[in-house]
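Coordinate-derived values only; no laboratory data. Quick caveat: nothing in here was measured; it's all calculated off a predicted structure. Reconstructed Cβ throughout: ideal geometry from the backbone, glycine too, with neighbour counts over all protein chains shown.
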Amino acid sequence: MPKDWELFLMPYKQAVDELKIKLRGMRKQFQQENAHTPIEFVTGRVKPVDSIIEKMHRRQISEDLMEQDLQDIAGLRIMCQFVEDIYQVVDLLHQRTDMEVVEERDYITNVKPSGYRSYHMVIMYPVQTVHGEKKLLAEIQIRTLSMNFWATIEHSLNYKYQGEFPDEINERLKRAAEAAFMLDQEMSAIREEIQEAQQLFSYGKGQQMID
Ligand code: 0O2
């Protein structure tokens, strides 16, 4: 294990900070151009050291393979209004020359047994350090607001039950995941209507509140 975690995680922190700026910049550009933005908001984090250690033990990852096998030490999350926006963001990220997409997992089409939906992209991202360029992996999770609501709730329940949900909660979570996805589908069905309304509204005042 790294003796100095802070030093080891520095380039990962730099990657998260840079990527947050770049992804938020995409949102700003869409807004500036008065176009519908497929990005609602962006968050990012460096995985806490205890979670890194726990995941390495659980997946039996040796130290020398840590940076290769732990793909989410640097993690970004992009929230979208509509499922269609997710795939637009995926296309936009593929086109970029400042990162390379190395793996993709579509948990929207291939929903996880828990009910989890999201689109995961693993990218190779170069950060500049005083010792030269360091290429590292980062995971970008792209999901709708509704998928994010479900995942956030389920994640916090996971802490309480350590993944061993009582049957009733398990069933209810699965039903809630389907309900969340139905909400997405209903919203997609009236997407054009919604977007027209947002064009009229957002470039006044409302949108300025979310940065
Ligand atoms: P965090 O930072 O606490 O969210 P594995 O972790 O072994 O299941 P793998 O191959 O590393 O899987 O990557 P995968 O499945 O593409 O992504 C794992 C991450 O996706 C998780 O990170 C969660 O953020 C999210 N995720 C995957 N499945 C679920 C789920 O059923 N519910 C919720 N709420 N999130 C999920 P971590 O490691 O949990 O870390």
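What to note about this one:
- By the count of neighbouring beta-carbon atoms within 10 Å, fewest first, MET182, MET99 end up ordered MET182, MET99.
- Kirkwood hydrodynamic radius of the chain, Cα pairs, Å: 18.8 Å
- Förster-model FRET efficiency, 25 Å R0, THR43 and GLU193, C-beta, rounded to 0.05: 0.30
- Loop GluC sites (Glu not before Pro), region 1-34, which have at most 14 other Cβ atoms in a 10 Å radius of their Cβ (DSSP): GLU33
- Exposure proxy shown here: for ARG117, ARG24, the number of other Cβ atoms within 10 Å sets the order, fewest to most, as ARG24, ARG117.
- Dipole magnitude of the chain, debye to nearest 20 (Cβ charges: Lys/Arg +1, Asp/Glu -1, about Cα centre): 400 debye
- For region 85-130 and region 29-70, distance of Cα centres in Å: 10 Å
- For LYS47, a cut-off of 19 angstrom between C-alpha atoms picks up these lysines, skipping any fewer than 8 places away in its own chain: LYS3, LYS13, LYS20, LYS55, LYS134, LYS135.
- Ordering of 103-115, 69-81 by burial proxy (mean other Cβ atoms within 10 Å per residue, highest first): 69-81, 103-115
- Hz values of 3J(HN,Hα) by residue in region 27-39 - Karplus curve (6.51, -1.76, 1.60), Gly and Pro given as x: 4, 4, 4, 4, 5, 4, 8, 6, 10, 5, 8, x, 10
- Taking amide H as placed 1.01 Å from N in the peptide plane, THR144 has its amide H under 5 Å from the amide H of CYS80, each at least 5 places away in sequence or on another chain.
- Remark: VAL49, VAL16 ranked as VAL49, VAL16, counting other beta-carbon atoms within 10 Å and listing the fewest first.
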